[in-house]
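*Asks:* Input: one structure, supplied below.
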Ligand code: SF4
Ligand code: SF4
């Protein structure tokens, strides 16, 4: 069993297809909806955590893709304006996932996106507001 | 008799490119194997630095006169209120000033916008008099259009600072960052052994007129800072174990660099400004050598509970522990995080070292030493009759 997070973008016409139902029934994937923005008749997006067997999740994602749903692993959607960072460390105070840490060697910020659990605490914690979770 | 170097001798060596300059971290390293006497013999100047949020900062601006002239009695820069009680077109914009409607953009941001060469909207009102008939002006200004643009910070470079924790059940938002409930994090803010006033704890060489690195150019220490407190408890190495002395500094903003000044906004707290300060410490004698040799293990500070009224002290820890990533508070292992930039402080200490080595920076002897035996009053509230 693994857990993976995806941002799903639905095309306007797919609104009424029970895609998530298929995922549960055919691929035995448990779905945890973390965030949803669905506008009837327009594009919609979902932030999902998929839990299941690795090969089933892969099959499920393939299935969604075949139905014109764009699936992106979440790490692509966290924006950090690294070039403006002053390495103050404020964000590391709140990042309990250990994604944001200070290098003990040069005291610069290190961001390991694979560890991020999207708790969003770093967004208000950075006094330069360099983090954005881009959820479209 | 131990050897005593004078400012003149050190400056002479700096000019000839013969002086030995180390950063405070380098000298702390050297002190592991060298005695203060040896360090005093070998080293001439030690550079210290800090880059952290310093709320008591701001800029003096002279806008120039309009024709016909106006006496600016209410002034806004990009909507941020500035001080209006200084003659006709002088003003002071405090880093933390803001329009309550727009709390995330404040005086620090105005200073930064000007510094970066951006246009800023000046709006001012006056009542109109014979000398100053004009009643209103609204125009754009920039760093080249204004006359003086002087950074003047009444309180900077705190000598040591508390560690902040929160024992309550609610998350709190402070100038020490976001403090999670139930002692789940601890934040600290000085650069430890690199911090300026910790390397000269009795302020023998830092006084009125000391030339310093300020915001990327050369500035000066012009007074003791506000809330100057020299009688805090000290540890066995002679450093105060909580916030103590401070300095007031001044410098020409037109020569400064946005790399060493940064406006910030702390969520639910307000605006502040990161200021880059570097102070060179001349190794006049063995005593100064001993002072600058101090290391992170020897510098201690107090852990205060920011969630509880009166901010009780819970623990005393040292900077080696703080920088290790964890401290113990009330028996609990607590994760630490810095809230000032050690990386940038190192860069400043390195840059100042380079200026000194190239003979581009002359040390100045304080023309006056700061007061001793000071402490603080709190504001006592007394009954005031209505009239
Ligand atoms: S969202 Fe949470 S886990 Fe991810 S980087 Fe920010 S603080 Fe860390
Ligand atoms: S809080 Fe912002 S500026 Fe500070 S280290 Fe983190 S990302 Fe960089």
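*Asks:* Got at least one residue in the range B:337-344 being surrounded by 15 or more Cβ atoms within 10 Å (Cβ to Cβ), free of Cβ contacts under 8 Å to residues at least 40 places away in the same chain and away from chain A (no Cβ under 13 Å)?
*Replies:* Taking every residue of the range B:337-344 in turn, none turns out to be surrounded by 15 or more Cβ atoms within 10 Å (Cβ to Cβ), free of Cβ contacts under 8 Å to residues at least 40 places away in the same chain and away from chain A (no Cβ under 13 Å).
*Asks:* Quick check, is residue A:90 within 12 Å of another protein chain (Cβ to nearest Cβ) and touching a helix residue (DSSP H, G or I) at 6+ places or on another chain (Cβ under 7 Å)?
*Replies:* So residue A:90 passes the test.
*Asks:* State whether the residues of the range B:195-203 include one that is more than 20 Å from residue B:45 (Cβ to Cβ) and surrounded by 19 or more Cβ atoms within 10 Å (Cβ to Cβ).
*Replies:* Residues of the range B:195-203 more than 20 Å from residue B:45 (Cβ to Cβ): none.
No; the residues of the range B:195-203 include none that is more than 20 Å from residue B:45 (Cβ to Cβ) and surrounded by 19 or more Cβ atoms within 10 Å (Cβ to Cβ).
*Asks:* Given the options A:29, A:86, name the one that is away from ligand 1 (no atom under 16 Å from the Cβ) and over 30 Å from residue B:334 (Cβ atoms).
*Replies:* Residue meeting the stated conditions: A:29.
*Asks:* Check whether at least one residue in the range A:27-37 is modelled with pLDDT of 85 or more and assigned to a helix (DSSP H, G or I), and report yes or no.
*Replies:* Yes; the residues of the range A:27-37 include at least one that is modelled with pLDDT of 85 or more and assigned to a helix (DSSP H, G or I).
One line per residue, one yes/no per condition, for (1) closer than 24 Å to residue B:365 by Cα; (2) more than 14 Å from chain A (Cβ to nearest Cβ); (3) not in a strand (DSSP E or B):
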| position | (1), (2), (3) |
| --- | --- |
| B:22 | yes, yes, no |
| B:26 | yes, yes, yes |
| B:39 | yes, yes, yes |
| B:46 | yes, yes, no |
| B:84 | no, yes, yes |
| B:96 | no, no, yes |
| B:112 | no, no, yes |
| B:121 | no, yes, no |
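Okay, residues lined up against (1) assigned by TED's automatic domain parsing to the domain that holds residue B:207; (2) more than 26 Å from residue B:144 (Cα to Cα); (3) at pLDDT 95 or above:
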position	(1), (2), (3)
B:243	yes, yes, no
B:253	yes, no, yes
B:263	yes, no, yes
B:271	yes, no, yes
B:283	yes, yes, yes
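*Asks:* Quick one: in the range A:117-136, of everything that is away from ligand 2 (no atom under 13 Å from the Cβ) and out of contact with any helix residue (DSSP H, G or I) (no Cβ under 6 Å at 6 or more places or on another chain), which residue is modelled with the lowest pLDDT?
*Replies:* Among residues in the range A:117-136 that are away from ligand 2 (no atom under 13 Å from the Cβ) and out of contact with any helix residue (DSSP H, G or I) (no Cβ under 6 Å at 6 or more places or on another chain), the one modelled with the lowest pLDDT is A:136.
*Asks:* Inspect the range B:300-316 for any residue being touching a helix residue (DSSP H, G or I) at 6+ places or on another chain (Cβ under 9 Å) and within 13 Å of another protein chain (Cβ to nearest Cβ) and give the result as yes or no.
*Replies:* no
*Asks:* Having 1 or more residues that are exposed (fewer than 14 other Cβ atoms within 10 Å of the Cβ) is the bar; report the strands (runs of 3 or more DSSP E) wholly within the range A:40-108 that clear it.
*Replies:* Here the list reads A:70-73, A:78-80.
*Asks:* Is it the case, given these coordinates, that residue B:24 is under 18 Å from the mean Cα position of the chain (by Cα), closer than 21 Å to residue B:196 by Cα, in contact (Cβ under 8 Å) with a residue 40 or more places away in the chain and not assigned by TED's automatic domain parsing to the domain that holds residue B:111?
*Replies:* Here the answer is yes, as residue B:24 does meet what is asked.
*Asks:* When you scan the range B:325-351, how many residues do you find that are away from ligand 2 (no atom under 14 Å from the Cβ) and within 20 Å of residue B:279 (Cβ to Cβ)?
*Replies:* The total comes to 6.
*Asks:* Could you pull out the residue among B:359, B:307 that is at positive phi and at pLDDT 95 or above?
*Replies:* Only one candidate passes the filter, namely B:359.
*Asks:* Does the range A:96-110 hold any residues that are within 11 Å of ligand 1 (Cβ to nearest atom), modelled with pLDDT under 95 and at the interface with chain B (Cβ under 9 Å from one of its Cβ atoms), and which are they?
*Replies:* The one that is within 11 Å of ligand 1 (Cβ to nearest atom), modelled with pLDDT under 95 and at the interface with chain B (Cβ under 9 Å from one of its Cβ atoms): A:96.
*Asks:* Could you run through the range A:111-129 and say how many residues are more than 8 Å from chain B (Cβ to nearest Cβ), closer than 19 Å to residue B:268 by Cα and outside any loop (DSSP other than H, G, I, E, B)?
*Replies:* Residues that pass the stated criteria total 2.
*Asks:* With the condition kept exactly as written, say whether any residue in the range B:150-159 is surrounded by fewer than 24 Cβ atoms within 10 Å (Cβ to Cβ) and in a loop (DSSP other than H, G, I, E, B).
*Replies:* Checked the range B:150-159: no residue is surrounded by fewer than 24 Cβ atoms within 10 Å (Cβ to Cβ) and in a loop (DSSP other than H, G, I, E, B).
The values are calculated or read from the model by the stated rules, or taken from the named source; none is laboratory data. These numbers come from a predicted model, not from an experiment. All Cβ positions, even for glycine, are placed from backbone atoms using ideal geometry, and neighbour counts span all protein chains on display.
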